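Data first, discussion second: the structure below is written as structure tokens.
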Amino acid sequence: MNYGFVKVAAAVPRVKVADCKFNVERIESQIAIAEGKGVQIIVFPEMSITGYTCGDLFGQQILLEEAEMGLMQILNNTRQLDIISIVGMPVVVNSTVINAAVVIQKGKVLGVAAKTYLPNYKEFYEQRWFTSALQLTEDTVRLCGQIVPIGANLLFETSDTTFGIEICEDLWATIPPSSSLALQGAEIIFNMSADNEGIGKHHYLCSLISQQSARCIAGYVFSSCGFGESTTDVVFAGNGLIYENGSLLARSKRFCMEEQLIISEIDVERIRAERRINTTFAASQGNPGDKKAISVATEFINSKELTLTRDFNSHPFVPQGAELDEHCEEVFSIQIAGLAQRLVHTKAKTAVVGISGGLDSTLALLVCVKTFDKLGLPRKDILGVTMPGFGTTDRTYNNAIDLMKSLGISIREISIQDACIQHFKDIDHDINVHDVTYENSQARERTQILMDIANQTWGMVVGTGDLSELALGWATYNGDHMSMYGVNGSIPKTLVKYLVQWVAENDMDEDAKATLLDIVDTPISPELIPADENGEIKQKTEDLVGPYELHDFFLYYFLRFGFRPSKIYYLANIAFKDVYDKETIKKWLSTFFRRFFNQQFKRSCLPDGPKVGSISISPRGDWRMPSDASSTIWLKEIEDL
């Protein structure tokens with residue numbers, strides 16, 4: 001299976017201006033290399049057969065004829081190959097010359113995409129030599145003895161995807177042709193360009209491609225002229241860029257004097273999922289101003305074994321590198337804004353938070369502190385309540401106390417042991433039986449204490465549960481599942497850890513920093529089962545439900561893109577190849593889907609809380625699912641892996 005991936009390439013060959021024979025040889029070489037690497041579609045720079053900087057030589061009959069002869073040679077020499085190639089050349093149509101992208105496969109010309117917007121300002125003089133697609137009166141052209149469709153509105157259909165083409169300046173237009181092509185079905189846009197360099201221009205170009213691929217919800221493959229083009233007045237850096245819905249997948253080395261082949265895989269299943277969800281995309285279709293696209297069929301491409309070159313972040317909710325600081329600050333800002341509005345609206349006098357010494361309650365407390373600071377309220381009105389139980393260890397207890405002291409909030413300590421012992425007597429439960437009743441009784445006792453303290457103090461219980469726990473249903477119904485406002489409800493466990501660590505390293509004194517970092521290193525546990533003989537945490541959540549980093553990965557691709565289990569499994573094996581074996585991934589994938597479906601009833605009645613990232617499972621937000629939906633087909637696919 002190819003799992004929806006289409007392998008594409010942007011080629012940047014060596015070129016000699018007006019030497020079609022040399023240029024054709026370089027094009028053929030790169031097509032052969034790309035075919036060997038499993039590339040399905042390859043695009044070359046603008047005027048790649050002749051060179052873009054020919055100037056008035058484009059009016060020379062011999063150059064035009066040599067270009068067509070060169071195309072014929074490429075057709076003959078690649079007729080045994082499945083790969084679809086897009087090459088640039090001048091094409092004569094009714095005594096006019098068109099700046100064209102010629103699509104070829106297996107010795108056939110499939111179609112000719114014509115450039116619409118011809119730049120004629122500053123260093124550009126294209127209207128001196130070429131005619132715009134807008135002036136075309138014919139919709140076919142004879143090329144290399146074949147009569148083929150021509151225009152700016154061609155869609156090429158393969159067995160795996162549909163693609164369209166625009167040429168250089170078309171991208172820079174107010175309404176690029178790719179917008180119409182995407183709305184009519186193009187999932188990938190190929191752009192052959194002769195984009196010259198200037199200070200700051202490259203950054204703008206990348207921004208433009210990123211925005212257009214995002215706006216079109218499409219893949220975008222860009223190939224621009226490189227070394228060998230004339231430098232009489234301008235310089236070409238050889239840009240090969242591949243984007244997918246706004247994200248950069250691969251790029252060339254700029255100003256390289258060697259040929260380059262930039263390869264990546266565009267996930268058209270992901271694009272289709274985005275388009276299905278985005279109702280604005282559907283609403284934009286059928287614009288009466290759009291010229292109806294002409295569909296062109298391509299030859300079947302024999303399936304090759306899929307080898308991905310693109311990377312997959314094992315922690316998709318956590319940004320990498322320089323973005324992390326900005327991302328963490330933005331997450332906190334959203335949480336703070338949500339809680340601040342709720343506090344102001346309800347006129348709550350206190351915020352009540354259960355502090356366990358674990359990650360989630362720590363993050364919720366940090367949000368409360370930052371919110372009170374922003375509102376100019378005294379931190380003493382934050383009531384941190386630690387509620388030691390049968391499984392509380394010295395490590396988490398001390399961290400809870402130390403954290404609250406360092407933040408200057410009000411501290412209350414209320415043991416739940418006596419109350420739970422009485423409750424066990426009331427319901428006739430053996431205290432030595434550590435079953436779900438034993439565990440959930442403690443969770444509900446803690447929630448009752450928090451709710452009653454909030455009533456006492458005209459306050460609000462701030463929830464601590466995170467997105468990962470809600471997805472797995474790892475919360476006690478009407479226990480820690482409930483609060484008056486849940487600030488962590490759309491933050492996954494992997495990101496919670498980074499957020500706490502980020503605060504520790506950027507916004508705390510040494511004592512508070514040490515406490516926070518120890519909390520980050522503490523095993524995740526509800527501490528509802530007594531500690532071991534050494535006083536260490538015995539009940540480790542990830543031993544029971546699986547690693548949160550795996551579940552967050554599953555959650556991201558399941559909810560964000562609607563991927564099927566087999567594809568999620570395939571991607572997880574790539575992302576975690578040096579961490580977990582296939583059987584381990586399969587085991588926890590099955591656990592994820594089983595729990596996700598079985599525990600929907602808890603998500604159907606969630607308290608309010610702010611949406612922070614791209615995923616929310618609030619029944620009022622991103623996710624509406626019946627509590628009694630069947631997981632059979634998902635689990636069956638996992639079983640068959």
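The values are calculated or read from the model by the stated rules, or taken from the named source; none is laboratory data. Every value quoted in this text rests on a predicted model; they were computed, and no experiment measured them. Ideal geometry is used to build each Cβ from the backbone, glycine not excepted, and the neighbour counts take in all protein chains shown.
Odds and ends about this structure:
- Residues that are among the β-branched types (Val, Ile, Thr) and in contact with a Pro (Cβ under 7 Å, 6 or more places away or on another chain) occur in the range 132-150; there is at least one.
To keep it simple, each residue is scored yes or no on (1) modelled with pLDDT of 95 or more; (2) charged (D, E, K, R).
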| position | (1), (2) |
| --- | --- |
| 105 | yes, no |
| 109 | yes, no |
| 123 | no, yes |
| 131 | yes, no |
| 137 | no, no |
| 141 | yes, no |
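- Answer from 490, 441, 468 - the residue that is buried (at least 16 other Cβ atoms within 10 Å of the Cβ), small (Gly, Ala, Ser) and within 22 Å of residue 369 (Cβ to Cβ): 490
- Some residue of the range 535-547 being closer than 26 Å to residue 622 by Cβ, surrounded by fewer than 17 Cβ atoms within 10 Å (Cβ to Cβ) and in contact (Cβ under 8 Å) with a residue 12 or more places away in the chain: yes
- Criterion (surrounded by fewer than 24 Cβ atoms within 10 Å (Cβ to Cβ), under 23 Å from the mean Cα position of the chain (by Cα) and closer than 24 Å to residue 50 by Cβ) met by exactly one of 247, 252: 252
- Among the residues of the range 280-320, the ones that are among the hydrophobic types (A, V, I, L, M, F, W, C) and either in contact with a Cys (Cβ under 6 Å, 6 or more places away or on another chain) or assigned to a loop (DSSP other than H, G, I, E, B) (or both) come to 8 in all.
- Take the conditions (1) free of Cβ contacts under 8 Å to residues at least 24 places away in the same chain; (2) in a helix (DSSP H, G or I); (3) touching a Pro at 6+ places or on another chain (Cβ under 9 Å); residue 568 misses just one of them, which is (3).
- Checked against the criterion of being in a loop (DSSP other than H, G, I, E, B) and within 23 Å of residue 138 (Cα to Cα), the range 73-95 has at least one qualifying residue.
- Residue tally, condition touching a residue at least 40 places away in the same chain (Cβ under 8 Å) and assigned to a helix (DSSP H, G or I), over the range 3-28: 7
Residue-wise test of (1) out of contact with any Phe, Trp or Tyr (no Cβ under 8 Å at 6 or more places or on another chain); (2) under 29 Å from residue 332 (Cα atoms); (3) assigned by TED's automatic domain parsing to the domain that holds residue 431.
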site: 536; (1), (2), (3): yes, no, yes
site: 541; (1), (2), (3): no, yes, yes
site: 547; (1), (2), (3): no, yes, yes
site: 569; (1), (2), (3): yes, no, yes
site: 592; (1), (2), (3): no, yes, yes
site: 598; (1), (2), (3): yes, no, yes
site: 604; (1), (2), (3): yes, yes, yes
site: 626; (1), (2), (3): yes, no, yes
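- Test for residue 254: is it charged (D, E, K, R) and either assigned by TED's automatic domain parsing to the domain that holds residue 562 or not in a helix (DSSP H, G or I) (or both): yes
- The condition of being without any contact (Cβ under 8 Å) to a residue 60 or more places away in the chain, touching a helix residue (DSSP H, G or I) at 6+ places or on another chain (Cβ under 7 Å), assigned by TED's automatic domain parsing to the domain that holds residue 474 and farther than 18 Å from residue 467 by Cβ holds for only one of 384, 376, 357, that being 384.
- Note on the range 449-475: residues that are over 16 Å from residue 596 (Cβ atoms) and not in a helix (DSSP H, G or I) amount to 8.
- Qualifying residue in the range 77-86 (condition: among the β-branched types (Val, Ile, Thr), surrounded by fewer than 18 Cβ atoms within 10 Å (Cβ to Cβ) and touching a Leu at 6+ places or on another chain (Cβ under 9 Å)): no
- Residue match in the range 476-483 (condition: surrounded by fewer than 19 Cβ atoms within 10 Å (Cβ to Cβ), assigned by TED's automatic domain parsing to the domain that holds residue 382, without any contact (Cβ under 8 Å) to a residue 12 or more places away in the chain and not in a helix (DSSP H, G or I)): no
One line per residue, one yes/no per condition, for (1) modelled with pLDDT under 95; (2) closer than 12 Å to residue 152 by Cα; (3) part of a strand (DSSP E or B):
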residue	(1), (2), (3)
166	no, yes, yes
192	no, no, yes
206	no, no, no
213	no, no, no
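- Odd one out for residue 258 among (1) surrounded by 21 or more Cβ atoms within 10 Å (Cβ to Cβ); (2) on the phi < 0 side of the Ramachandran plot; (3) in contact with a Lys or Arg (Cβ under 9 Å, 6 or more places away or on another chain): (1)
- Of note, residue 556 does not satisfy the criterion of being outside any helix (DSSP H, G or I), modelled with pLDDT of 95 or more, farther than 30 Å from residue 392 by Cβ and of a type outside the set (Gly, Ala, Ser).
- Taking the criterion of being assigned to a loop (DSSP other than H, G, I, E, B) and in contact with a strand residue (DSSP E or B) (Cβ under 8 Å, 6 or more places away or on another chain), the residues of the range 36-72 that qualify are 37, 38, 39, 40, 44, 45, 46, 47, 48, 49, 50, 51.
- Residue under evaluation residue 280, criteria (1) closer than 29 Å to residue 149 by Cα; (2) of a type in the set (Val, Ile, Thr); (3) surrounded by fewer than 17 Cβ atoms within 10 Å (Cβ to Cβ), criterion not met: (1)
- Counting only residues that are charged (D, E, K, R), exposed (fewer than 12 other Cβ atoms within 10 Å of the Cβ) and at pLDDT 95 or above, the range 595-641 holds 4 of them.
- Qualifying position, being surrounded by 19 or more Cβ atoms within 10 Å (Cβ to Cβ) and more than 20 Å from residue 218 (Cβ to Cβ), among 103, 112, 97: 112
- Condition met for residue 130 (buried (at least 23 other Cβ atoms within 10 Å of the Cβ) and within 24 Å of residue 12 (Cα to Cα)): no
- In the range 131-144, the qualifying residues are those that are touching a residue at least 60 places away in the same chain (Cβ under 8 Å) and more than 40 Å from the chain's Cα centre (by Cα), and the one that is farthest from residue 169 (Cα to Cα) is 144.
- Being part of a loop (DSSP other than H, G, I, E, B), under 25 Å from residue 406 (Cα atoms), without any contact (Cβ under 8 Å) to a residue 12 or more places away in the chain and under 30 Å from the mean Cα position of the chain (by Cα) is a condition met by at least one residue of the range 507-517.
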